[in-house]
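K.L.:
The structure follows.
All of the numbers you see were taken from the coordinates with simple rules; none came from a lab. Source: prediction; values computed, not measured. In this analysis, Cβ positions are derived from the backbone assuming ideal geometry, glycine residues included, and neighbour counts consider all displayed protein chains.
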Amino acid sequence: MENFIVVDYNAGNLTSVLNAFAHLGIEVKASRDPAEIANADRLVFPGVGAAKSAMETLTNSGIGNAIAQVIANKRPVLGICIGCQIILNSSEENGGVKTLGFIDGKAVRFEEEAGIKIPHMGWNQVHFLKKHPLFEGIADGSDFYFVHSYHPAEISPENALSETTYGSQKFTSAVVKENLVATQFHLEKSGDVGLRVLKNFSCWSGLC
């Protein structure tokens with residue numbers, strides 16, 4: 001049986017993610033044990049909150065190094081929300097935070113603009129920039145649920161998987177590099193389309 005792990009590092013949306021997989025009938029295990037995480041066959045790296053506190057937890061616990069090991073082992077890894085930001089090189093949050101550096105880019109705050117609120121919260125369209133197994137069977141322009149003040153920026157075209165527009169600001173809303181893929185939007189809060197993405201991830205490079 002596949003060792004399918006959801007990382008537990010006190011980052012907020014763990015229960016919602018576990019419930020989504022349970023709804024799909026997919027067996028996953030929450031873990032905060034770096035050794036267990038490092039040996040995962042498939043890994044989900046979720047989270048909400050601040051980059052600085054998340055990085056402190058990941059660094060002090062050894063979980064950050066464990067995630068790096070799963071990526072190096074070419075196992076499928078999925079980041080969600082803050083898990084999409086701290087896989088980049090840095091975040092502007094708290095005056096600048098060095099993050100995990102798995103994909104080149106940085107997390108930047110939305111610019112203040114008349115007619116929009118920060119954080120960006122609610123449903124918004126996602127436009128796919130390339131085909132990927134994660135979005136198999138999902139129509140371009142489908143609505144997903146967002147809650148965030150920061151977003152990926154300075155992402156190279158080869159790593160940009162989708163984009164979204166908020167006000168006049170167009171931003172990268174999903175990134176990819178080989179076996180690592182991450183979405184700024186909350187899959188576990190995005191209804192049927194979010195569940196379909198989670199199902200697709202469970203099958204990516206797998207047997208189903």
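K.L.:
Quick one: dipole size for the range 4-203, taken about the Cα centre, charges +1 on Lys/Arg Cβ and -1 on Asp/Glu Cβ, in debye to the nearest 20.
P.N.:
240
K.L.:
Of VAL7, ASN73, SER168, which is farthest along the charge dipole of the range 4-203 in the positive direction, counting Lys and Arg as +1 and Asp and Glu as -1 at C-beta?
P.N.:
Of the listed residues, the answer is ASN73.
K.L.:
Next question, about the same structure. Pairs of alpha-carbon atoms within less than 8 angstrom and 6+ residues apart define the contacts here; what relative contact order does the range 91-208 have, in percent?
P.N.:
25
K.L.:
Rounded to whole Hz and in sequence order, give me ³J(HN,Hα) for the range 174-187 from the Karplus expression 6.51 cos²θ - 1.76 cosθ + 1.60, θ = phi - 60°, writing x for Gly and Pro.
P.N.:
Calculated HN-Hα couplings, in order: 8, 10, 8, 8, 6, 8, 10, 9, 8, 10, 6, 7, 8, 5 Hz.
K.L.:
Moving on. In whole Hz, with x marking every Gly and Pro, tabulate ³J(HN,Hα) for the range 5-22 from phi via Karplus 6.51 cos²θ - 1.76 cosθ + 1.60, θ = phi - 60°.
P.N.:
10, 10, 6, 10, 9, 6, 10, x, 9, 4, 4, 4, 5, 4, 5, 5, 5, 4
K.L.:
At 222 nm, what value in deg cm²/dmol follows for the chain if DSSP H runs of at least 4 each add -39500 (n - 2.57) and the sum is divided by all its residues, to the nearest 500?
P.N.:
-7500 deg cm²/dmol
K.L.:
What fraction of the DSSP beta bridges in the chain is antiparallel, stated in percent and rounded to the nearest 5?
P.N.:
60
K.L.:
Taking the chain as a whole, which cysteines find no other cysteine Cβ under 4.7 angstrom from their Cβ?
P.N.:
Cys with no partner Cβ under 4.7 Å: CYS81, CYS84.
K.L.:
Over 32 Å between C-alpha atoms is what I'm after, so list which of LYS98/LYS189; LYS52/LYS170; LYS29/LYS117 land there.
P.N.:
Violating the 32 Å limit, Cα to Cα: LYS29/LYS117.
K.L.:
Run the simple label-point estimate for ASP140 and GLU92 please: 7 Å along Cα→C-beta, distance reported in nm.
P.N.:
Result: 2.9 nm between the two label points.
K.L.:
Still on this structure, please answer the following. How big is the gap, in Å, between the Cα center of the range 132-208 and the Cα center of the range 1-55?
P.N.:
A separation of 17 Å, based on Cα centres.
K.L.:
Another question about this same structure. Quick one: plug the Kirkwood hydrodynamic radius of the range 138-190 (C-alpha pairs) into Stokes-Einstein at 4 °C, 1.567 mPa s, and report D in µm²/s.
P.N.:
The diffusion coefficient I find is 110 µm²/s.
K.L.:
With the contact rule set at Cα under 8 Å and sequence spacing of 6 or more, what percent relative contact order holds for the chain?
P.N.:
19
K.L.:
Same structure again: Distances over 30 Å make up what percent of all Cα-Cα pairs in the range 4-203?
P.N.:
So the portion of pairs separated by more than 30 Å is 12 percent.
K.L.:
Then there's this: What order, most packed first, do the peptides 8-14, 57-63, 37-43 have when packing is the mean number of other Cβ atoms within 10 Å of each residue?
P.N.:
Going by the mean number of other Cβ atoms within 10 Å, highest first, we get 37-43, 8-14, 57-63.
K.L.:
Report the relative contact order of the range 1-103, percent, no decimals, based on alpha-carbon pairs under 8 angstrom and at least 6 residues apart.
P.N.:
Rounded, it is 26 percent for the range 1-103.
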